[in-house]
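The values are calculated or read from the model by the stated rules, or taken from the named source; none is laboratory data. A quick note: this is a predicted structure, and the numbers were derived from the prediction, not measured. Backbone-built Cβ (ideal geometry, glycine too); neighbour counts: all protein chains shown.
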């Protein structure tokens with residue numbers, strides 16, 4: 001009986017009162033090999049050799065990821081080699097990215113960021129929006145005009 005009271009005391013609400021920010025952290029001195037999956041948020045200051053599947057991720061200036069990243073919100077200030085997919089992507093001025101970026105809602109890049117890859121708005125599984133259709137029509141018109149000018153040029157030469 002005495003032990004039971006003692007155990008209850010350890011599990012009392014007072015001991016559960018831990019002050020935690022709710023964010024995980026991979027420190028500068030850490031290296032993670034393999035994929036990381038979490039429903040929470042994570043800050044990366046170390047090296048991750050694998051893909052990340054998280055809710056929210058911040059890659060600090062010291063941080064590096066070699067693998068794809070899928071998240072709701074991504075902020076990159078360090079190095080990433082791999083495909084990036086998120087609703088919101090923020091690319092800081094110190095970021096170096098080698099890979100494609102797919103975003104659904106917002107993309108913000110600061111001057112000085114180094115991006116070597118394609119940037120594309122993902123469609124959320126919907127058909128092309130009016131904006132996407134308008135952009136495609138402009139590109140097609142430019143291609144047709146170039147073709148017409150090119151053909152006229154050849155007619156004049158003959």
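For this structure, a couple of remarks:
- Residue check, residue 55 surrounded by fewer than 18 Cβ atoms within 10 Å (Cβ to Cβ), under 11 Å from the mean Cα position of the chain (by Cα), modelled with pLDDT under 95 and closer than 23 Å to residue 122 by Cβ: yes
- Some residue of region 100-109 being crowded, with 17+ Cβ neighbours inside 10 Å and in a loop (DSSP other than H, G, I, E, B): no
- Number of the exception - residue 42 against (1) surrounded by 18 or more Cβ atoms within 10 Å (Cβ to Cβ); (2) in a loop (DSSP other than H, G, I, E, B): (2)
Condition check ((1) loosely packed, with under 10 Cβ neighbours inside 10 Å; (2) at pLDDT 95 or above; (3) not in a helix (DSSP H, G or I)) across all residues:
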site: 111; (1), (2), (3): yes, no, yes
site: 128; (1), (2), (3): no, no, yes
site: 135; (1), (2), (3): no, no, no
site: 138; (1), (2), (3): no, no, no
site: 143; (1), (2), (3): no, no, no
